[in-house]
Amino acid sequence: MQIGTRWAVGAEPPARLDSAVHAAIRQVEGELLGRDTTQWRWTLSWLEGRPVVELDDGTVIRTGHDGTVAIANLDDEDAAAHH
């Protein structure tokens, strides 16, 4: 895994991310309106040459082998697995 960069919620994501990933980031940020995210950061890393973008709250955006972009929240998945 290659570490990329970090940026604040609401800031411009790295230009090297494709438009589908940018759209997913904006979608997640839109769902956060009204919450205090001033200290939250996105972290970009690369796995097998594909971007993995993770928000401090556990939300992860991944690009699949086929180019599809998926949004998941690891905290939600962990909670569901324990019920």
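The values are calculated or read from the model by the stated rules, or taken from the named source; none is laboratory data. Since the structure is predicted, the reported quantities are computational estimates derived from the model, not experimental observations. Virtual Cβ from ideal backbone geometry, glycine too; neighbours counted across all protein chains shown. What goes into the accessible areas is simple: the full protein's heavy atoms, side chains included, and nothing from ligands, DNA or RNA. Shrake-Rupley method; radii C 1.70, N 1.55, O 1.52, S 1.80 Å.
Here is how the numbers come out for the structure above:
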| read-out | value |
| --- | --- |
| Listed residues 41, 62 arranged by accessible area, highest first, probe 1.4 Å | 62, 41 |
| Percentage of interatomic Cα-Cα distances in the chain larger than 17 Å | 46 |
| Table column - 3J(HN,Hα) (Hz), the range 26-43, Karplus curve with 6.51, -1.76, 1.60, x for Gly and Pro | 4, 4, 4, 5, x, 6, 8, 3, x, 9, 7, 10, 4, 9, 7, 10, 8, 10 |
| For residue 46, solvent-accessible area (1.4 Å; no DNA, RNA or ligand), Å² | 40 |
| Solvent exposure ordering (accessible area, 1.4 Å, most first) of 38, 5, 59 | 38, 5, 59 |
| Theoretical ellipticity at 222 nm over the chain - DSSP helices of four or more residues, -39500 (n - 2.57) apiece, nearest 500 | -7500 deg cm²/dmol |
| Accessible area (Å², per residue) of the chain, counting only protein heavy atoms and a probe of 1.4 Å | 63 |
| Net charge contributed by nearby residues that have their C-beta within less than 11 Å of residue 11 (K/R +1, D/E -1) | 0 |
| ³J(HN,Hα), Karplus 6.51/-1.76/1.60, whole Hz, each residue of the range 7-13, x for Gly, Pro | 8, 6, 4, x, 7, 6, x |
| Positive-pole candidate from 42, 13, 58, dipole of the chain, charges at beta carbon | 13 |
| Order by protection proxy (mean Cβ within 10 Å, highest first), peptides 47-55, 12-20 | 47-55, 12-20 |
| Gain upon complete extension [residue 46, residue 68; 0.36 nm per residue less C-alpha separation] | 6.4 nm |
| Surface share of carbon and sulfur [accessible, 1.4 angstrom probe, percent] for the chain | 51 |
| Dipole magnitude (debye, nearest 20) for the chain, charges at Cβ of Lys, Arg, Asp, Glu | 340 |
| Length added when fully stretched, residue 5-residue 27, from 0.36 nm per residue minus Cα-Cα | 5.9 nm |
